[in-house]
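K.L.:
Provided herewith is a single structure, encoded as structure tokens, for subsequent inquiry.
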Amino acid sequence: MSRRYSTRPTDLASELPPISYVWETPNRRPRRAEWDIPDPAVPGRLTPAMRAKLERIVRRAPEVMVKITGRTKGVAHLKSHLAYITRNGDLDAETEQGATLAGRSGLKDLQQRWEDDAGLDDKRRRDASLSINIILSMPAGTDAVAVKDSARAFAIETFDGNHAYVFVQHLDDKHPHVHLTVRSQGNDGKRLNPRKADLQAWRERFAAELRLRGIAAEATPRRTRGRVRKADRGAVLAMRMRKTTPDVDRLARKEVLSEVRGGRTAKHPWDEQIKSRQDAIRRRYLDYAAELQRSGAAADHELARQVRQFVDDMPTVETRRHALKNELSELANTRRREAEQGGNDDVRDYKRDDERTR
């Protein structure tokens, strides 16, 4: 058990996220957490931890966001990033040692230390990053103090003793969030290189810290909620706001138009895989509901009803190509209606002109 939870009462495990086919990340997990282990006596039975997670999911507890926003490549880049997250020294930053960095002088000392450490690393590639930049965020209305305390605890649990870091909280946005900048080079000589599964584990850890502070929070993958489309990258969203068509949109529309005009539908194996997995997820939810229904407790019956309603409310499986086809179909129908409406207007205008002539 990790250091932070070793002294806690064992019943706190019921508040931490378990493993399940429904919500586990499809990639390898960095480690098997204690709260992921099913009931050894009856492996298929819902444990208290699984039941607690089901309640949070079907009642739509706020989802945490843990996102890597970029990497600083050089000293000048690091200086610029630290100036940004501290608003040029107006906001205090906190280090892994709990020290507060106030003003530009404190930032200059931190930057110099990281630069010196990088210079001593003779194995570092010239283009290797100095730091990894992370945002930890919660929806609007979440207690900002709890978010900062949870971010601090998350950083201690994740990086303490190996990676130096600094974090700053921003409150000038409706979503309370913390900017966490972690030095890439670890004290053990290994470089920080988080994968998809690591990010999911980080989300779960941040959500657990929030729950320990009384904030309802979850960290489920999007497919758990029936969503299969990935979020668009920030650069793509920025181009759309500038009314510029990104290449990814142009190429996708070109492919879909080719299919429509050719009267054919290209078969992609991943579409079937996505649908198959979503069907399995929905079946597993209903299996959980059936098990809860067999209980004699009224609370279990109510949770079973909420689980079934949650499945009914899940969106249809729609990939980006499906969305584009629906968009094109709706556009074609709109133009057809406009053409028909225009034709009817021409007929009415002709009749009015004919009556005036007579």
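K.L.:
Out of the residues in the stretch 167-211 meeting the condition of being of a type in the set (Asp, Glu), in a loop (DSSP other than H, G, I, E, B) and out of contact with any strand residue (DSSP E or B) (no Cβ under 9 Å at 6 or more places or on another chain), tell me which one is most open to solvent (accessible area, probe 1.4 Å).
P.N.:
Asp172
K.L.:
Next question. For the stretch 212-224, what are the residues that are part of a loop (DSSP other than H, G, I, E, B), closer than 25 Å to Gly98 by Cβ and open to solvent by 20 Å² or more (accessible area, probe 1.4 Å)?
P.N.:
Arg213, Gly214, Ile215
K.L.:
When both residues are 6+ apart or on different chains and their Cβ atoms are under 7 Å apart, which pairs have a first residue that lies in the stretch 61-81 and is open to solvent by less than 50 Å² (accessible area, probe 1.4 Å), and a second that is of a type in the set (A, V, I, L, M, F, W, C) and in a strand (DSSP E or B)?
P.N.:
These pairs meet every condition: Val66/Ile134; Val66/Leu136; Ile68/Ile132; Ile68/Ile134.
K.L.:
Taking Leu46, is it modelled with pLDDT of 75 or more, open to solvent by 40 Å² or more (accessible area, probe 1.4 Å) and in a loop (DSSP other than H, G, I, E, B)?
P.N.:
no
K.L.:
Quick check on my filter: what residues within the stretch 85-111 are under 29 Å from the mean Cα position of the chain (by Cα), closer than 22 Å to Gln185 by Cα, open to solvent by 30 Å² or more (accessible area, probe 1.4 Å) and not acidic (Asp, Glu)?
P.N.:
If the condition is that a residue be under 29 Å from the mean Cα position of the chain (by Cα), closer than 22 Å to Gln185 by Cα, open to solvent by 30 Å² or more (accessible area, probe 1.4 Å) and not acidic (Asp, Glu), then Gln97, Gly98 are the ones that fit.
K.L.:
What pairs come out if I take residues in the stretch 292-307 that are among the acidic types (Asp, Glu) and pair them with residues that are open to solvent by less than 40 Å² (accessible area, probe 1.4 Å) and not in a loop (DSSP other than H, G, I, E, B) whose C-beta lies under 7 Å away, six or more apart or interchain?
P.N.:
Cβ pairs passing all conditions: Asp300/Leu292.
The values are calculated or read from the model by the stated rules, or taken from the named source; none is laboratory data. For clarity, every value in this text was computed on a predicted model and none was experimentally measured. No Cβ is skipped: glycine too gets one built from the backbone with ideal geometry, and neighbour counts run over all protein chains shown. Surface accessibility is based on the protein's heavy atoms, side chains included, excluding ligands, DNA and RNA. Shrake-Rupley method; radii C 1.70, N 1.55, O 1.52, S 1.80 Å.
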